[in-house]
Structures are given as structure tokens and as C-alpha cells.
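The structure under discussion appears below in the form of C-alpha cells.
The values are calculated or read from the model by the stated rules, or taken from the named source; none is laboratory data. Model, not experiment: these values are computed from the prediction. Cβ placement follows ideal geometry from the backbone for every residue including glycine, while neighbour counts extend to all protein chains displayed.
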2 protein chains.
Amino acid sequence: MSGAMVTRSRSEELLFLTDEQLRQGIELMFFAYRDLTSEPDEILAVQGYGRAHHRAIHFIKRRPGITIAGLLAILKVTKQSLNRVLRQLIDDGFVESTPGQEDRRQRLLRLTAKGEVLESAVSNVQRDRLRRAYSEAGPEAVAGFRKVLERMIDPDMRATALNLVGDDIA
Amino acid sequence: MSGAMVTRSRSEELLFLTDEQLRQGIELMFFAYRDLTSEPDEILAVQGYGRAHHRAIHFIKRRPGITIAGLLAILKVTKQSLNRVLRQLIDDGFVESTPGQEDRRQRLLRLTAKGEVLESAVSNVQRDRLRRAYSEAGPEAVAGFRKVLERMIDPDMRATALNLVGDDIA
DNA sequence: GATTTATGTCAGCGTTATTGACTAATCGCA
DNA sequence: TGCGATTAGTCAATAACGCTGACATAAATC
């Protein structure tokens with residue numbers, strides 16, 4: 001009889017997830033995300049740029065040679081929204097767009113030297129914050145942090161989020 | 001001589017935080033935050049509401065009786081921005097605003113019964129997602145998740161984020 | 001009584017996102 | 001070869017949401 005009790009899964013065993021605990025987790029995400037993005041926002045505001053530019057620069061840095069379609073799939077915004085931002089970045093010389101070799105309809109996006117400088121300035125403050133948090137929390141906490149975040153992401157985006165796809169494709 | 005080596009702090013001992021690791025952490029935050037907020041956004045869009053309404057409803061639910069100033073301090077937006085959102089929520093009967101008893105200049109904000117229903121619908125999908133992630137990742141991962149997030153938040157907002165202040169004040 | 005504080009409101013602006021419609025170049029296949 | 005699908009770029013209109021500045025009102029505090 002008591003045997004039935006010990007067949008509980010690990011999640012049932014130790015996790016009693018109250019409303020309060022979950023709400024607190026949601027708030028932690030809200031505050032952490034806001035503070036993680038506030039400093040980059042300020043730096044980019046000087047150029048007249050916003051968070052949309054930040055996101056584009058970030059993913060072009062991470063996936064040089066990414067196509068428009070690839071960027072659209074990651075950002076999940078419309079073509080029109082992305083186009084305005086990209087137009088500015090290209091016109092201002094931060095991003096270069098070259099036709100694909102195999103498929104010449106595609107536009108392959110890369111940061112220019114100027115773009116690398118801007119990206120670096122922006123991502124430095126962000127990485128400093130995360131590095132500090134990681135260091136203070138310790139390696140085991142970092143592993144847990146990553147584990148939970150991964151599982152919060154829609155399954156179909158997890159591979160993308162973890163860079164399990166090639167660096168130069170979408 | 002070797003004694004000097006073992007006095008390294010825990011963070012120096014095991015954490016070799018590469019650029020790549022940190023950038024991946026930043027992306028995890030981006031994807032997780034987006035997916036955590038996308039479903040609530042869709043639900044609220046039916047009412048013609050957006051994320052700003054969601055945030056207001058969330059914090060009024062969590063801190064019933066909060067003042068305008070308290071909400072402004074948490075959300076870090078301007079009075080004018082918040083007012084537009086709050087005006088709609090009050091006019092539509094989701095939020096009630098009553099003068100403070102001690103300080104009658106203050107407006108104490110609470111959800112109405114109708115507001116509770118909306119809040120519940122919205123927060124349910126969000127809590128379901130987080131509960132699933134917590135369960136799959138396990139208790140230790142959850143502890144690490146919380147630990148890192150706390151340390152990402154600006155120090156002056158940590159107490160607020162962790163609800164270390166009274167529920168009915170700011 | 002004068003000042004400060006808490007709140008509300010008006011007008012205007014900019015960014016970022018949306019939808020819809022359309023063009024142009026290129027690719028792939030029948 | 002030619003037609004449909006794909007990739008990208010663009011124009012126009014709309015909306016949410018943030019901002020600044022200016023101003024009004026009521027109430028608390030000194």
C-alpha cells in the first residue's frame with residue numbers, strides 16, 4: 001500500500017508549486033528582463049535606435065550571413081517592421097547586405113566594422129550584468145537557470161535558442 | 001605556496017564565463033521572456049489591451065490597495081503613460097480606484113470581480129507555462145533559476161521583486 | 001497661508017509593431 | 001521554355017505605448 005506512494009515522479013515529489021511561487025517567478029522574469037535591456041536601450045537611444053535595432057544587431061552578430069527570412073523567423077515580427085529597422089542600419093553603415101551566392105534572391109546580412117563596434121558597446125554592458133549574476137550565483141545555479149529558461153521556450157524554438165543550428169543559416 | 005591556490009573564491013574556481021556562454025544566456029532570456037508574454041498578449045488583445053494593461057493588472061492583483069505612485073515606482077513609466085492605461089481599465093470596470101483613508105490624495109487600486117476574472121484568465125496560461133518548466137527542470141534548477149534572476153535585477157529593485165515589502169503598499 | 005505632494009488631464013510626438021496590397025527578381029519544376 | 005512559388009522590398013494606414021511639457025486640483029505639511 002505504501003509502495004504506491006514512492007512511485008511518485010520527481011516533480012511530484014518535491015515541487016509544490018503554489019500560485020504565489022509561480023507569480024513570483026513571473027515577476028522575477030519581468031524585472032530581470034527589464035533591467036537586462038535598459039542599459040543597451042540607453043546606449044542605442046543616442047543613435048536614435050531602439051530595442052528593435054538592438055535585437056537585429058544581436059542576431060546578425062551571432063549568425064553572420066543570416067537571411068532576411070531567417071531573421072524574421074527568429075524575431076517573429078513582420079517583414080515590414082524588420083525592413084524599416086534594417087534599412088536604417090544598412091543606410092547608417094552598421095550592417096551590410098549582400099546577395100546570396102547559391103540563391104541570389106536572398107540577402108545575407110553581416111555587421112560592418114562600424115557595426116561590430118556598436119554591437120560590442122551594447123553587448124558589453126549586458127554581458128557584464130549577466131557575468132556578475134552568474135558569478136554571484138555560482139555554477140550550479142547557472143545550470144538551473146539555463147535549464148528552466150530552456151523549458152519555458154516554445155519547443156519549436158528551443159533548437160534556435162540554443163544555437164543548435166548552423167551559425168550561418170537561420 | 002599551494003595554499004594560495006585554494007583560497008580562490010567559488011566564482012573564480014569553477015566559472016569560466018566565455019563570451020559565447022554569456023551571449024547564449026542573453027538569448028535564452030530573450031526567447032523565454034517573449035514566449036512567456038505572447039499568450040497573455042493574445043488574450044488581452046481581444047479586449048483591445050496590450051502588455052501595458054497586463055502589467056498593471058498583474059501588479060494590482062499582487063498588491064491590492066497599491067497607489068498610483070507605488071505602481072509608477074514598480075513599472076518605471078511616466079505618470080502619463082500609466083494614466084492612459086489605468087483610465088481604460090477603470091472605465092471598462094476591471095479596476096476600481098478609491099481614495100486613501102489616511103491620505104485622501106492617494107488613489108488605492110484594486111481589481112473588481114470582473115478584473116479578477118480577466119487577471120485569472122491571463123495569468124493561468126502564464127503560470128501553466130512556468131509550472132511546466134519548473135516541473136521538468138526540477139527543484140534544484142528552480143532554485144538556481146531564481147538565484148540568477150535575482151542577481152540580474154538592479155539592487156534597489158530586488159526587495160520589490162521579491163515582495164519583501166508589504167502587500168498593500170508600494 | 002505658503003509650499004509641497006499626489007493625482008489627473010490635455011496636446012503632441014516618436015518608435016515599433018501591425019495588416020493589406022503590390023512590385024521585382026530569382027528559383028525550381030513540369 | 002514557361003509558370004508558379006519563393007525571397008525580398010516598398011507604400012499606405014493604423015494602433016499601442018512610451019515620452020515631454022504644461023497645467024489643474026486637492027490635500028497634506030510646515
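Yes or no: region A:148-159 includes at least one residue that is over 22 Å from B:Leu130 (Cα atoms) and small (Gly, Ala, Ser).
Of region A:148-159, the ones over 22 Å from B:Leu130 (Cα atoms) are none.
Looking through region A:148-159, none of the residues is over 22 Å from B:Leu130 (Cα atoms) and small (Gly, Ala, Ser).
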Inset, instruction - Taking A:Ala141 as meeting all but one of (1) closer than 16 Å to A:Arg63 by Cβ; (2) at pLDDT 95 or above, write down the number of the exception. - result: (1)
Inset, instruction - Go through the residues of region B:149-158 one by one and say whether even a single one is more than 11 Å from every other protein chain (Cβ to nearest Cβ), assigned to a loop (DSSP other than H, G, I, E, B) and modelled with pLDDT of 90 or more. - result: no
Legend entry - region A:51-70 - residue that is more than 11 Å from every other protein chain (Cβ to nearest Cβ) and of a type in the set (A, V, I, L, M, F, W, C) and, of those, nearest to DNA strand C (Cβ to nearest atom): A:Ala52
Legend entry - Verdict on B:Leu118 being in contact with a Pro (Cβ under 9 Å, 6 or more places away or on another chain), more than 14 Å from chain A (Cβ to nearest Cβ) and within 16 Å of DNA strand D (Cβ to nearest atom): no
Legend entry - Unmet criterion (only one of (1) surrounded by 12 or more Cβ atoms within 10 Å (Cβ to Cβ); (2) farther than 23 Å from A:Gln24 by Cβ; (3) within 18 Å of the chain's Cα centre (by Cα)) for B:Leu111: (2)
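Each row is one residue, and each column tells you yes or no for (1) more than 20 Å from B:Val142 (Cα to Cα); (2) more than 10 Å from every other protein chain (Cβ to nearest Cβ); (3) modelled with pLDDT under 95.
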| residue | (1), (2), (3) |
| --- | --- |
| A:Met1 | yes, yes, yes |
| A:Thr7 | yes, yes, yes |
| A:Glu13 | no, no, yes |
| A:Gln21 | no, no, yes |
| A:Met29 | no, no, no |
| A:Gly48 | yes, yes, yes |
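Specify the residue that is farthest from DNA strand C (Cβ to nearest atom); the eligible residues are those in region A:73-90 that are under 13 Å from A:His53 (Cα atoms) and surrounded by fewer than 17 Cβ atoms within 10 Å (Cβ to Cβ).
A:Ile90
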